[in-house]
Amino acid sequence: MSEFKLDFQDTQTAFADKTTSELKEKHRLFKMMGSPSLVNFGTKMTNFALSIGLPVSGLIKYTVFEQFCGGETIEECQKTIEKLGRSHIGTILDYSVEGKSEEEDFEHTKDEIILTIKRANEDPNIPFAVFKVSGIAPYGTLEKVSAGVELPEKSKLKWERIQTRVNEICEYAHSLDQPVFIDAEETWIQNAIDLMAERMMEKYNTEKAIVFTTIQLYRADGLVFLKSSHEKAKEKGYVYAVKLVRGAYMEKERARAEEMGYPSPIQPDKSATDRDYDEAVDYCLDNLDSIAFVAGTHNEKSVQLLAQKMEKKKIPHDHPHVFFSQLYGMSDNLSYVLAKNGYNVSKYVPYGPVKDAVPYLTRRAQENTSVQGMMSRELEMIDKELNRRKEA
Ligand SMILES: Cc1cc2nc3c(=O)[nH]c(=O)nc-3n(C[C@H](O)[C@H](O)[C@H](O)COP(=O)(O)OP(=O)(O)OC[C@H]3O[C@@H](n4cnc5c(N)ncnc54)[C@H](O)[C@@H]3O)c2cc1C
């Protein structure tokens with residue numbers, strides 16, 4: 001029997017719901033993002049223009065924002081939700097406001113996250129909700145808790161409030177039977193996030209996977225942490241639910257470690273990250289009775305490997321504990337081909353005011369310049385499809 005293999009070169013499926021002019025626009029943007037100097041210049045200019053109040057939001061909205069975000073509000077995402085849904089791809093509404101510092105902003109963001117959970121519950125096209133703890137918490141408090149230092153009285157109160165907000169979100173998700181992801185962030189705030197994620201899973205995953213934590217396998221200790229967390233969940237009798245990612249803050253992590261003179265928590269090289277990522281996937285597949293997991297990746301090899309292993313183990317494509325997920329605007333060849341073959345697939349669809357989404361958009365732009373091969377892969381796929389259409 002020949003080896004099972006998904007055809008991720010099937011650009012007709014990948015871009016079935018894109019018009020030729022949409023594809024050309026995508027091509028133009030990705031080409032621009034292929035230039036590191038242009039991205040660096042653009043990022044600096046955008047931040048500068050926003051900081052002095054220049055009206056650049058419109059320009060951003062109809063270029064990068066439109067490519068990577070669903071809209072400024074949940075309502076504006078409706079079209080995208082339906083469009084993805086028609087191809088059997090779920091939407092994960094990701095309120096992408098970052099960098100706030102006031103308590104009232106945190107409360108507002110928490111309320112918005114609650115709205116995304118409510119919205120998800122009303123729509124079979126939205127399988128998950130998601131949030132970042134740093135969006136509802138003062139960064140400094142997360143840092144102090146993560147470092148294990150004695151908290152001053154003022155910080156104690158802030159820490160209490162953070163935990164209350166996280167609990168409110170997870171409790172609401174649980175009451176509606178609506179799964180929710182907690183994203184992973186920088187190592188120096190991650191201990192606090194892990195602590196809360198573990199408590200939330202213990203509280204709300206007694207019957208099924210409601211709260212999903214996230215593990216970054218670019219961390220040298222990621223794989224060990226996955227196994228020990230799962231062991232703990234088994235002992236305490238709750239479903240361990242996890243999103244596996246490689247990790248988005250590598251440059252920042254390395255720079256901080258170097259600047260402050262501690263060993264970098266990141267793997268020595270890309271192949272070490274890749275090895276641990278695929279091993280983590282294997283581990284989850286071997287423990288599907290007590291683990292639900294999401295492969296949050298654009299890495300074609302990892303996705304292919306996971307699909308092949310599922311085939312080998314005769315795990316149904318739509319197994320309720322195995323999910324694939326990509327980001328909106330990226331790697332459609334993976335998402336659409338997986339969906340066509342009956343796997344559980346969803347895409348993060350970030351939304352929010354344009355100027356607040358700039359840090360997210362900057363990460364995407366930098367990722368598309370720095371990630372080896374990513375940019376050229378996207379361009380290659382678009383070229384291939386444009387040529388196919390010309391010849392058809
Ligand atoms: C659905 C979804 C959810 C996500 N959620 C989170 C989240 O909660 N937290 C988060 O941090 N990120 C998150 N990400 C982003 C993710 O961590 C990656 O940055 C991104 O997906 C690129 O990695 P990749 O697996 O797609 O594949 P690839 O493009 O193959 O890998 C690139 C990644 O490999 C790692 N890497 C690259 N070079 C090296 C090197 N020299 N040494 C060691 N490692 C290296 C880095 O992590 C880099 O981002 C999410 C991504 C998706 C698709």
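The values are calculated or read from the model by the stated rules, or taken from the named source; none is laboratory data. Source: prediction; values computed, not measured. In this analysis, Cβ positions are derived from the backbone assuming ideal geometry, glycine residues included, and neighbour counts consider all displayed protein chains. Note: areas computed on protein heavy atoms with side chains; ligands, DNA, RNA excluded. Shrake-Rupley method; radii C 1.70, N 1.55, O 1.52, S 1.80 Å.
A few remarks follow.
- Of all residues making up region 309-344, the number that are open to solvent by 20 Å² or more (accessible area, probe 1.4 Å) and of a type in the set (S, T, N, Q): 2
- Any pair with Cβ under 6 angstrom, 6 or more apart, that starts in region 125-150 at a residue that is within 16 Å of ALA173 (Cα to Cα) and ends at one that is part of a loop (DSSP other than H, G, I, E, B): PHE128/PRO179; LYS132/ASP183
- Residues that are in contact (Cβ under 8 Å) with a residue 60 or more places away in the chain, out of contact with any Lys or Arg (no Cβ under 9 Å at 6 or more places or on another chain) and either under 25 Å from LEU29 (Cα atoms) or among the β-branched types (Val, Ile, Thr) (or both) within region 299-337 comprise VAL303, LEU334, TYR336, VAL337, listed in sequence order.
- Among the residues examined, TYR172 qualifies as surrounded by fewer than 21 Cβ atoms within 10 Å (Cβ to Cβ), touching a helix residue (DSSP H, G or I) at 6+ places or on another chain (Cβ under 7 Å) and of a type in the set (Ser, Thr, Tyr).
- Scanning region 204-220 for residues that are open to solvent by less than 20 Å² (accessible area, probe 1.4 Å) and outside any strand (DSSP E or B) yields TYR204, ASN205, ALA209, ILE210, LEU217, TYR218.
- The numbered conditions (1) farther than 21 Å from ALA120 by Cα; (2) in contact with a Gly (Cβ under 9 Å, 6 or more places away or on another chain); (3) within 12 Å of the ligand (Cβ to nearest atom) are all true for LYS347 except (1).
- Of all residues in region 235-279 being part of a loop (DSSP other than H, G, I, E, B) and more than 10 Å from the ligand (Cβ to nearest atom), the one that is surrounded by the most Cβ atoms within 10 Å (Cβ to Cβ): TYR238
- Selection within region 140-193 - farther than 26 Å from GLY90 by Cβ and within 16 Å of the ligand (Cβ to nearest atom): LEU142, SER146, GLU186, THR187, TRP188, ILE189, GLN190, ASN191, ALA192
- The residues of region 307-344 that are within 12 Å of the ligand (Cβ to nearest atom) and either under 18 Å from LEU93 (Cβ atoms) or not in a helix (DSSP H, G or I) (or both), listed by number, are PHE323, PHE324, SER325, GLN326, LEU327, TYR328, GLY329, MET330, SER331, SER335.
- Filter result (under 20 Å from GLU3 (Cα atoms) and within 12 Å of the ligand (Cβ to nearest atom)) within region 280-303: VAL281, ASN299, GLU300, LYS301, SER302, VAL303
- Considered as a group, the residues in region 353-392 that are away from the ligand (no atom under 12 Å from the Cβ) and not in a helix (DSSP H, G or I) include one that is modelled with the highest pLDDT, and that residue is PRO353.
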